[in-house]
Amino acid sequence: AAHQATKAEADPEWGAAAKALAAAPGTPLGKALDWSLRGLKLEHQEMLLDLAVFPAKVPVSLDAVLTMWTGRNASLPVLKAVSLIRKLCRRQLVSLVTTLYGWALLIDPRISAQLQSRTPRPSELHSRLAKAYYTAAMGPGDPELPDNVAQRDWHLVSNDEYFYQNVVRSWRAAGMKEVTLQLKKYEWLRAKIWAAGVGSLLEDFEAVEKDDQFRTLRAAMQLSRGTLRRCCWELPSQLYGRLETSTHGAAVSVCAGIERRSEALAVNDFSSEHELWLRPLFHSGLQLPDGIPVNRQAAGMHTKAITCFLFFGDGKLASGSEDGLVKVWDLRKRQVGRQYDLGRRVLAFDVHQHLPLFACTLDGAPVSLHLYNTKGELLTARNPLGAAGLGARSHGNLGFHPLKSYLAFDMEVLLI
């Protein structure tokens, strides 16, 4: 406050508040927020409280903020909204940051806690945000949510770098039944993975892991994780190949959705509602197919689901699993050559083509990067930059440069 008092000429209202706060250094944050709200119109104060719906320390796209505010006032001019954002920034209530996709709003955790404490019914805010997104996607002709939850086409909402990453949070807070119903729809899975990646989609499945109807579908997504991280357009091929013969729960409806999107291709209808995909000739399901002898399986298999694997060298295959083990296989001998116990679920890994190094990301809060030599000795471990900075969610992506000593980890490039 004392620092901002020097800007009194630019903003007399804030200057007066800063001087009052400087005279009372023990003023709590709530009182400081009250001073900052002075000079704002009542409508603007309510719009500020609407920001309590967004998570703290997570960049929120300006499109998401505008969507929230237009849910309150459909005729709100964009310039008026931008002017309010600038005014809130001058009062240090929010911050503007740049991301890969443009400007975004950042709310300090202490300010966010104050805003949430002043919101009597947060569930209504989350419900209004979700409905505002749906109304914007449907257009003026069909503004209301259908009473039948299964008929709501959330996959038609455009990607603003916030909706697909965080809408599940609002659905739960509002008590909406969207999560379990949308995860049964192939259209939603497709839209989600294209917008937010396979890691974000798997987090949604982990939230319903106690629901038995998603058991087979979740296992198929886990097995396809490595492929979908690199090529999300292979989603229909991966799921159909693993679930075609399944008769369990949500897997049936997802396969039916894949078939519907490809039906019109028979009459050369290549509209946006349909897509080309490669249909597997053989079933690659979650259990050993009939007719393959058990003795053809390799000895020393993982005890839990395999999350990633990589072919490298001459006849070698490395696999990572939820059991915390990385195993290097000799494909000729069909046995494990080396094994590394990392203690936590392995999300992804890569092996350098020329140096005796391999790197992996391990599950946790946040996801951590571990670099090892081929003797299994830990060289370094670190968290993603986003976890210490803006609080961005990490999905554990990594990869070595094929020739040089560089390692890409999420949004960073490290020199090793």
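The values are calculated or read from the model by the stated rules, or taken from the named source; none is laboratory data. These numbers come from a predicted model, not from an experiment. No Cβ is skipped: glycine too gets one built from the backbone with ideal geometry, and neighbour counts run over all protein chains shown. What goes into the accessible areas is simple: the full protein's heavy atoms, side chains included, and nothing from ligands, DNA or RNA. Shrake-Rupley method; radii C 1.70, N 1.55, O 1.52, S 1.80 Å.
Considering only residues that are open to solvent by 30 Å² or more (accessible area, probe 1.4 Å) and assigned to a loop (DSSP other than H, G, I, E, B), which ones fall in the range 99-112?
Matches in the range 99-112: Leu100, Tyr101, Asp108.
Sort out which residues of the range 36-57 are among the aliphatic types (A, V, I, L, M) and either more than 22 Å from Pro109 (Cα to Cα) or touching a strand residue (DSSP E or B) at 6+ places or on another chain (Cβ under 8 Å) (or both), and write them in order of number.
Leu42, Leu51
Could you tell me which of the residues Leu96, Leu125, Leu115 is surrounded by 14 or more Cβ atoms within 10 Å (Cβ to Cβ) and in a strand (DSSP E or B)? Write out each step before concluding.
Values: Leu125 fails: in a strand (DSSP E or B); Leu115 fails: in a strand (DSSP E or B).
After ruling out the rest, the residue left standing is Leu96.
Quick test of your reading of the structure: Glu412 fulfils all but one of (1) modelled with pLDDT of 80 or more; (2) of a type outside the set (Lys, Arg); (3) surrounded by fewer than 16 Cβ atoms within 10 Å (Cβ to Cβ); (4) within 29 Å of the chain's Cα centre (by Cα). Name the failing condition by number.
With respect to (1) modelled with pLDDT of 80 or more; (2) of a type outside the set (Lys, Arg); (3) surrounded by fewer than 16 Cβ atoms within 10 Å (Cβ to Cβ); (4) within 29 Å of the chain's Cα centre (by Cα), Glu412 is out only on (1).
Report, by residue number, each residue of the range 33-68 that is among the aliphatic types (A, V, I, L, M), touching a helix residue (DSSP H, G or I) at 6+ places or on another chain (Cβ under 8 Å) and free of Cβ contacts under 8 Å to residues at least 40 places away in the same chain.
Result: Leu37, Met47, Leu66.
Could you give me the residue pairs with C-beta distances under 8 Å whose first residue belongs to the range 339-359 and is touching a residue at least 24 places away in the same chain (Cβ under 8 Å), whose second residue is open to solvent by 30 Å² or more (accessible area, probe 1.4 Å) and of a type in the set (Ser, Thr, Tyr) wherever it lies, and which are 6+ apart or on separate chains?
Listed by first residue and then by second, the contacts come to Leu355/Ser405; Leu357/Thr374; Phe358/Thr374.
Please identify the pairs in which a residue from the range 93-106 that is farther than 19 Å from Gln45 by Cβ has its Cβ atom under 9 Å from the Cβ atom of a residue that is acidic (Asp, Glu) and in a strand (DSSP E or B), counting only partners at least 6 apart or on another chain.
none
Would you mind telling me which numbered condition in (1) open to solvent by 20 Å² or more (accessible area, probe 1.4 Å); (2) free of Cβ contacts under 8 Å to residues at least 40 places away in the same chain Arg90 fails?
(2)
For the range 241-266, which residues satisfy the criterion of being open to solvent by less than 10 Å² (accessible area, probe 1.4 Å) and of a type outside the set (A, V, I, L, M, F, W, C)?
Within the range 241-266, Gly241, Gly257 qualify.
Give me the residue from the range 128-137 that is open to solvent by less than 30 Å² (accessible area, probe 1.4 Å) and not hydroxyl-bearing (Ser, Thr, Tyr) and, out of that set, farthest from the chain's Cα centre (by Cα).
Just the residues of the range 128-137 that are open to solvent by less than 30 Å² (accessible area, probe 1.4 Å), to begin with: 129-130, 132-134.
With not hydroxyl-bearing (Ser, Thr, Tyr) added as a condition, the list becomes 129-130, 132.
Numbers: Leu129: 18, Ala130: 17, Ala132: 21 Å.
The residue in question is Ala132.
Name the strands (runs of 3 or more DSSP E) wholly within the range 301-396 that hold at least 1 residues that are over 30 Å from Asp108 (Cβ atoms) and modelled with pLDDT of 85 or more?
Working: elements: 306-312, 316-321, 325-330, 335-341, 346-351, 357-362, 368-373, 378-382.
Qualifying strands (runs of 3 or more DSSP E): 316-321, 325-330, 335-341, 346-351, 357-362, 368-373, 378-382.
Does the range 138-164 hold any residues that are surrounded by fewer than 16 Cβ atoms within 10 Å (Cβ to Cβ) and not in a loop (DSSP other than H, G, I, E, B), and which are they?
The answer is Val149, Ala150, Gln151, Leu156.
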